[in-house]
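Asks: Quick one: structure below, then a few questions.
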Ligand SMILES: Cc1cc2nc3c(=O)[nH]c(=O)nc-3n(C[C@H](O)[C@H](O)[C@H](O)COP(=O)(O)OP(=O)(O)OC[C@H]3O[C@@H](n4cnc5c(N)ncnc54)[C@H](O)[C@@H]3O)c2cc1C
């Protein structure tokens, strides 16, 4: 598809985050022809760097109860269509001490009673009021143990759900492709094309890996580029302010294991609510929320952001100071624009902007929203597209049609026994792929050598790496990491990136040196995001190891960079 305008579609979607992939799926389910362009990788932006909660957000209950309602409602739907991707994360809110909630426990209790009304929508358990003894029983590490609990009046527990945001985006994109959509990753939209009267007629895009450019004729174009939306408006030659967001940077610090049984809510030095949560097989500390006007394609946590979170969480969970931090994540929220309020006070609601008002009919921007309510947002967008295209109104089915892998339960134990693989590896495989783990198992049945473990930390099998390269648009080691969590554990990819690069080179028929180059890029990027968290000595060791690798690879690496 390079060079000339050969493709005709109903809708071209720009951006492969949860909103872009969500609308792509809904559009194809309702019979529209569609194409998606993602400049980096699926879930590269906020969707792959969120706190990974499909939650109602109790903190929105006071000012924005509709956001809580829609998020809880959609959380229930997402559980139904992708049950394999959801995991329960119960939280506790300790009350009374410095660094905790200071409002009287009766009020906090009443607040969560109000939140309970939304729990059935997402199959959550009602909250429970806890005495200090009960708090220590379920979370012995709180305040370093009962002796540190002086002043504590008790606590409240409430129920949430976690999700792997990257897998959610990939699942939506795979489903759309199976219904006829085209998906192009590492392909940036350079221009949104309009005719002489301003009507949108398609996009011009460039594949950043091959350099090929191409044009697509599209009757409608959806700007789902999150925090990049304002820049994308420029590509349509309309005023950037017409797709304005209030970009809010948020970071997380990742620890090498699950340190707590529950998520724990804490108060940072400035009174902001922060948390530590057990998430997949690690612990995550989050999050910050600061206006951000830097490079959206290279967002990184800084050491002061890391310290801010650790110091805040240490008030309620002192062991965090000696726990092993292994990395950071950073993303930018595409929050609805408002001038004045602090970032935490901004609405998490979503909105479709119809750029007919800017003289560009056929162009729409999806602004704001949450991972937890992406499906409802996509439904709203698709309803508008159907009306604009003059198609018969077709009911949305994204709340009932399973995402790939969610159609039935796969047996973790059965998979482990049949393939003779480690129970944890089987369990993680089933978590990521649900029923589709059978397809990976079929590869291993045919080629038993693909049962080899490539990444020990996660763990990840060779068959899965080959599968995501062949079936899920993984083109680089970073892409494989996003889909499988390869290289994101304690060793930061030092043990697996090179092998992963080799496999990618084989699968994509690239020269081995290109695989090595990719591995080095991954390690360099990982080291940069880890350096602010792992401590000086380990950061130095990693820098040395990477420098040695770079020297080994020599000009092979340098020439492509
Ligand atoms: C720190 C943090 C924590 C969060 N925690 C939660 C949470 O726990 N629960 C929750 O519900 N929500 C959470 N959110 C919010 C949620 O992640 C976002 O609202 C949501 O992911 C936005 O999705 P999106 O698709 O609009 O944007 P993004 O995921 O940012 O996707 C936009 C994509 O557009 C691509 N792009 C940009 N320009 C172009 C171009 N010209 N051509 C092609 N592609 C382009 C980018 O590469 C990017 O991948 C959090 C957000 C952050 C930052």
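Asks: Using alpha-carbon pairs under 8 Å, 6+ residues apart, how would you state the relative contact order of the chain in percent?
Replies: 17
Asks: Also: Place the peptides 366-375, 11-20, 392-401 in order of packing, highest mean first, counting for every residue the other Cβ atoms within 10 Å and averaging per peptide.
Replies: Averaged packing, sorted descending, gives the order 11-20, 366-375, 392-401.
Asks: Place a label point 7 angstrom from the Cα of residue 297 along the Cα-to-Cβ direction, then list the residues of segment 228-249 whose backbone nitrogen is under 16 Å away.
Replies: 228-235
Asks: Kindly provide the helix-only [θ] at 222 nm of the chain, computed as the sum of -39,500 (n - 2.57) over DSSP H runs of four or more divided by all residues, to the nearest 500 deg cm²/dmol?
Replies: -11000 deg cm²/dmol
Asks: Using Cβ counts within 10 Å as a stand-in for footprinting exposure, how do 402, 197, 75, 411 rank, fewest first?
Replies: 197, 411, 402, 75
Asks: What share of the DSSP beta bridges in the chain is antiparallel, in percent to the nearest 5?
Replies: If we restrict to bridges inside the chain, about 75 percent are antiparallel.
Asks: What relative contact order, as a whole-number percentage, does segment 374-531 give when Cα pairs under 8 Å and 6 or more residues apart are counted?
Replies: 14
Asks: I've got another one for you. Go ahead and collect, in residue order, the members of segment 147-184 whose backbone nitrogen is under 11 Å from a label point 7 Å along the Cα-Cβ direction of residue 131.
Replies: none
Asks: Once you sort the root eigenvalues of the Cα gyration tensor of segment 192-302 as a ≥ b ≥ c, which label holds: rounded (a/c under 1.5), prolate (a/b larger than b/c) or oblate (the other case)?
Replies: Note, shape of segment 192-302 comes out prolate.
Asks: When a/c is below 1.5 the answer is rounded, else prolate if a/b is larger than b/c, else oblate, so apply that to segment 81-202 with a ≥ b ≥ c taken from the square roots of the Cα gyration tensor eigenvalues.
Replies: Taking the square roots of the gyration eigenvalues as a ≥ b ≥ c, segment 81-202 is prolate.
Asks: If each residue of separation counts as 0.36 nm, what is the full-extension length gain between residue 456 and residue 88 once their alpha-carbon separation is subtracted?
Replies: Using 0.36 nm per residue and subtracting the Cα-Cα distance, I get 130.0 nm.
Asks: A further question on this structure: Order the peptides 210-221, 23-34, 412-423 from the highest to the lowest mean number of other Cβ atoms within 10 Å of their residues.
Replies: Per-residue Cβ counts within 10 Å, averaged per peptide and sorted highest first, yield 23-34, 210-221, 412-423.
Asks: Pull out the extension gain between residue 357 and residue 103, defined as 0.36 nm times the separation in residues minus the alpha carbon to alpha carbon distance; nm, one decimal.
Replies: Here the answer is 86.9 nm.
Asks: Return a whole-number percent for the relative contact order of segment 1-126, with Cα pairs under 8 Å and 6 or more residues apart as the contact set.
Replies: Computed value for segment 1-126: 17 percent relative contact order.
Asks: Then there is this: Using 0.36 nm times the number of residues separating residue 191 and residue 537, minus their current alpha carbon distance, what extension gain do you get?
Replies: 120.0 nm
Asks: Sorting check: for 307-318, 542-553, which peptide has the highest mean count of neighbouring beta carbons within 10 Å, and how do the rest follow?
Replies: 307-318, 542-553
Asks: Once you place label points 7 Å from the Cα toward the Cβ at residue 272 and residue 147, how far apart are they in nm?
Replies: 3.4
Taken together, the values in this text are just the output of simple stated rules run on the coordinates, not laboratory data. As the structure is a prediction and not an experimental result, all values here were calculated from the model. Ideal geometry is used to build each Cβ from the backbone, glycine not excepted, and the neighbour counts take in all protein chains shown.
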